[in-house]
Amino acid sequence: MGMIYNSCMKNDPLLPFFSPKGVVIVGVSRDPTKLGYMLASNLVQSGYQGAIHFVNPKGETLFGRRIYTRLADVPDPVDLALLLVPPPGVPAALEDVAARGIRAAVIQTGGFRETGPDGARLEQECLEIARKHGIRLVGPNCIGFIDTHLPINSTFLQPPGPPAGDIAFISHSGAICAAVMDWIRGQGNGLSNLASLGNCLDVSEADLLPVMAANPHAKVITLYMESVRNGADFIEKARLAARIKPVLALKVGRFESGKKAAASHTGALAGAESAFDAAFEKAGVIRVNTTEELFQWAKALAWCPLPKGRRVAILTNSGGPGVTAADALELNGLQLAQLSPATVEGMKSFLPAAASLHNPVDMLASANAEHFSRALELMMADDQVDSILVISPPPPPTTAAALIKAMVPVVLSHDKPVVFTMMGEDQVSEALALLHAYKIPDYRFPEWSASALGALSRYAEIKQRLMDENQAKAGKAPARATALLAAEPQGQFISPDAATGLLDAYQIATTPLTLCKTAEEAARQAGKTGYPVVLKIASPDIVHKSDIGGVLLGLKNAAEVAQGFAKVMERARAAQPDAKVDGVHIQRMLPAGQEVITGMVRDPMFGPMMMFGSGGVEVEGLKDVAFALAPLTFAEAEKMLEATWAGRKLRGFRSIPAGDREAVIDTLMKLSRLAVENPAILEMEINPLRVLPPGQGAYAVDVRIRKS
Ligand code: ADP
Ligand code: MG
């Protein structure tokens with residue numbers, strides 16, 4: 001008995017949660033108003049084929065089964081315990097679980113961390129007991145699990161449970177589970193699994209991903225999450241799951257975290273949500289914005305084959321909805337397919353002369369079921385078409401159901417995604433039932449259909465990328481970098497020399513600075529560096545040097561340097577009288593080029609997060625930046641360029657000459673390795689990185705690196 005998802009799960013300590021041999025409910029109740037009764041009732045009614053046992057100190061019977069007074073008396077087989085005892089009794093119950101040799105327990109009771117410090121302490125006590133005995137824990141404060149195919153229902157929710165389906169749903173919130181179950185039934189859809197995790201004391205959302213990825217009934221994994229317990233673990237497991245099937249996540253609590261004081265532009269621009277976005281991107285998880293998107297997209301992803309590209313054909317019998325769909329496709333990053341001549345000619349043979357045969361295809365209101373199915377067949381056979389959006393407005397002259405009946409065989413006999421827009425509600429119910437029966441996705445409006453097709457394309461591309469791409473690997477820091485960093489003070493910006501040295505150790509092109517304490521020294525150094533030179537105020541306390549006039553560019557001779565020295569010293573004194581000033585830096589003057597910013601902040605959850613975008617003084621206002629988690633692959637770095645105007649502009653734009661894109665990508669990848677391999681670095685920023693014409697490199701001009 002009990003389906004084992006695949007051989008690699010056989011020894012998985014989480015297996016009893018999904019495929020238990022026997023289940024015991026500790027804290028069962030004979031009172032129909034109690035959760036302990038509902039849980040027992042659901043488990044018995046779910047059709048679960050393993051052993052079911054009840055425990056309550058009061059004994060007696062329930063549903064014709066004996067209620068044991070002690071867990072110790074429960075016979076074999078039993079490998080999963082569902083605990084519904086009051087919170088103070090949970091630690092003792094866990095000791096009993098351990099003594100009975102059970103290694104998997106769900107604490108369904110609430111009243112722990114979510115209620116305050118006492119609850120948190122109690123929770124911790126439970127975790128310690130579990131660790132001591134090697135018990136894996138789900139919850140506390142959760143509603144349990146459902147597998148509609150096994151089947152098993154270990155929740156205490158009001159029946160009916162969700163219909164059997166293809167969508168796995170993992171949720172931090174139990175209330176959302178109850179709502180989703182009911183809603184999905186109303187949608188004519190179903191779930192393969194439902195897993196409510198509650199407080200995630202032990203088993204986390206990440207732990208469930210491999211299990212759902214291995215479950216053949218789950219065609220798509222949906223997540224409702226409030227947080228992530230372990231960032232690196234989540235990314236790794238989500239990435240592996242996303243290679244196998246689509247993973248969609250709704251992450252809530254976007255706006256709860258206030259902006260922390262930041263010491264760099266990178267820090268100021270990187271909120272906690274940028275880190276989640278970057279994490280989902282890295283893992284190949286599709287982030288959704290609403291609960292509705294989560295399930296509307298899941299439906300298409302569960303039921304459709306993946307498209308080979310982004311070209312979509314629209315088939316309808318009216319103008320307005322076709323144009324609406326065309327706009328919506330564009331908004332979702334899709335393209336209107338250019339139909340091949342064979343398709344157009346083929347349609348001409350049976351459609352009225354006034355029909356519009358170019359995408360969107362409008363067959364006119366006279367179109368009947370046969371017209372729809374023949375046109376669909378032609379589009380299915382057309383190599384220029386990657387997916388198809390069929391729109392049926394409220395239909396004279398046939399019923400919507402008749403249209404669908406004619407088209408279903410065409411859809412099922414090809415390997416190309418088709419989504420239906422069945423406009424209306426009451427009049428289309430029969431058609432919808434048919435579509436659901438054949439697992440063909442439907443939407444009420446063209447915009448939803450277009451966004452679902454967009455999700456299909458996105459996942460097709462994610463899957464391709466995850467298959468092709470080896471993970472970017474970081475290794476051990478070069479000894480020189482480790483030594484340089486160790487010599488610098490903690491919690492501060494490291495010296496410009498050390499910063500340059502660190503970049504150097506990673507072969508990132510720099511523009512070295514030489515410190516000069518007097519005007520004479522500066523003039524002498526300028527001669528050595530070679531004119532023209534740049535002169536900058538050297539002070540650990542002056543953060544934005546040019547703001548106080550502390551940067552002089554293009555100085556051509558010793559006299560200009562000597563005067564410049566006096567000028568910037570005076571300006572510094574005037575602007576920041578108590579700043580510690582070391583002198584000036586002399587730097588080589590770089591040739592003209594585009595300027596970009598790149599940086600890193602270390603996210604507490606996901607680790608080093610790289611930033612790239614438009615630099616300069618307006619950086620925080622423009623917000624032309626992209627984030628991605630280190631280490632970066634070439635493709636990930638390139639994507640950051642493509643996501644920003646600063647990066648796209650490197651190809652050249654009107655009078656702006658092109659820059660060395662490859663050098664920028666290379667710099668980003670190296671900087672990301674520097675970040676991963678040197679955990680002592682809290683924050684880095686290169687502003688600007690001066691990008692010379694193609695083939696000539698990109699140079700870090702102004703570098704700031706802060707240690708933790
Ligand atoms: P800050 O950011 O503290 O004001 P920077 O060192 O970034 O100081 O210099 C300000 C600006 O001056 C840069 O954004 C760049 O445009 C220009 N600049 C600075 N150093 C050089 C250099 N070596 N070659 C060419 N331009 C430079
Ligand atoms: Mg700068």
Exercise. Once both labels are modelled 7 Å past Cα along the beta-carbon direction, what's the residue 99-residue 115 spacing in nm?
Worked result: 2.4
Problem set entry | HN-Hα J in Hz across region 122-139 - Karplus 6.51, -1.76, 1.60, θ = phi - 60°, x for Gly and Pro | 4, 4, 4, 4, 4, 5, 5, 4, 4, 4, 4, 9, x, 8, 8, 10, 10, x
Exercise. What length, rounded to one decimal in nm, is gained on full extension from residue 520 through to residue 384, with 0.36 nm per residue of separation minus their alpha-carbon distance?
Worked result: 41.8 nm
Exercise. In Å and whole numbers, how far do the C-alpha atoms of the chain stretch along each principal axis, longest first?
Worked result: 100, 80, 41
Seminar exercise, completed: Rounded to two decimals, the Debye log10 I(q)/I(0) of region 305-468 (Cα scatterers, no solvent) at q = 0.16 Å⁻¹ is -0.84
Exercise. Considering region 512-589, what Rg and Dmax in Å follow from its alpha-carbon atoms?
Worked result: 11.1, 33
Exercise. Which trypsin sites (Lys or Arg not before Pro) does region 603-670 hold that lie in a coil by DSSP with at most 11 other beta carbons within 10 Å?
Worked result: 623, 654
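With a cap of 15 neighbouring Cβ atoms within 10 Å, and only residues DSSP puts in a loop, list the chymotrypsin sites (Phe, Trp or Tyr not before Pro) found in region 367-439.
Working: sites: 372, 420, 438; in loops: 438.
Answer by residue number: 438.
What does the net charge come to around residue 245 if you take all other residues with beta carbon closer than 12 Å to its beta carbon, with K and R at +1 and D and E at -1? All intermediate terms of the calculation are to be shown ahead of the outcome.
Working: positive: 219, 243, 463; negative: 166.
After counting each charged neighbour, the total is +2.
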For this session: Taking 7 Å along the Cα-to-C-beta vector as the label spot, tell me the residue 425-residue 356 distance in nanometres, rounded to one decimal.
Result: 2.8
Problem set entry | Candidates per chymotrypsin sites (Phe, Trp or Tyr not before Pro) in region 45-84, loop by DSSP, up to 16 other Cβ within 10 Å | 63
For this session: Rounded to the nearest 0.05, what FRET efficiency do residue 226 and residue 492 give with R0 = 45 Å and r taken as the Cβ-Cβ distance? Could you check?
Result: 0.80
Seminar exercise, completed: Pseudo-spin-label distance residue 439 to residue 471, built 7 Å along Cα→Cβ, given in nm, is 3.1
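Just list whichever of 528/670; 439/639; 282/623 have alpha carbons separated by over 32 Å in the model shown.
Working: 528/670 30 Å; 439/639 35 Å; 282/623 21 Å.
439/639, as the Cα separations exceed 32 Å there.
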Exercise. For residue 61 and residue 648, FRET efficiency with R0 = 56 Å and r from the beta-carbon atoms, rounded to 0.05?
Worked result: 0.20
For this session: Take the alpha-carbon centre of region 270-326, take the same for region 50-90, and report the distance between them in whole Å.
Result: 45
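Between beta-carbons, use under 11 Å as the cut-off and find the net charge around residue 402, counting Lys and Arg +1, Asp and Glu -1.
Details: positive: 405; negative: 370, 430.
Every neighbour counted, the sum reads -1.
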Seminar exercise, completed: tail above 24 Å in the computed P(r) of region 2-218, as % of all Cα-Cα pairs, reads 37
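Under the 0.36 nm per residue contour assumption, what length would be gained going from the current alpha-carbon distance of residue 292 and residue 176 to full extension?
My answer for the length gained is 40.6 nm.
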Exercise. Relative to the longest principal axis of the chain, what angle (0 to 90°, nearest 10) does the C-alpha long axis of helix 90-99 take?
Worked result: 70
For this session: Quick one: net charge around residue 113, please, counting Lys, Arg +1 and Asp, Glu -1 for every other residue with C-beta under 14 Å from its C-beta.
Result: -4
Problem set entry | the chain: angle of helix 272-283 to the longest principal axis, Cα-based, in degrees nearest 10 | 70
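What order, most packed first, do the peptides 119-132, 287-300, 404-417 have when packing is the mean number of other Cβ atoms within 10 Å of each residue?
Working: 119-132: 16.5, 287-300: 20.0, 404-417: 18.0.
Per-residue mean Cβ counts within 10 Å order the peptides as 287-300, 404-417, 119-132.
Any read-out appearing in this document is the output of simple, stated calculations on the displayed coordinates, not a laboratory observation. Please read all numbers here as calculations on a predicted model, not as lab measurements. For neighbour counting, all protein chains shown are included, and Cβ atoms are generated from backbone atoms with ideal geometry for every residue, glycine included.
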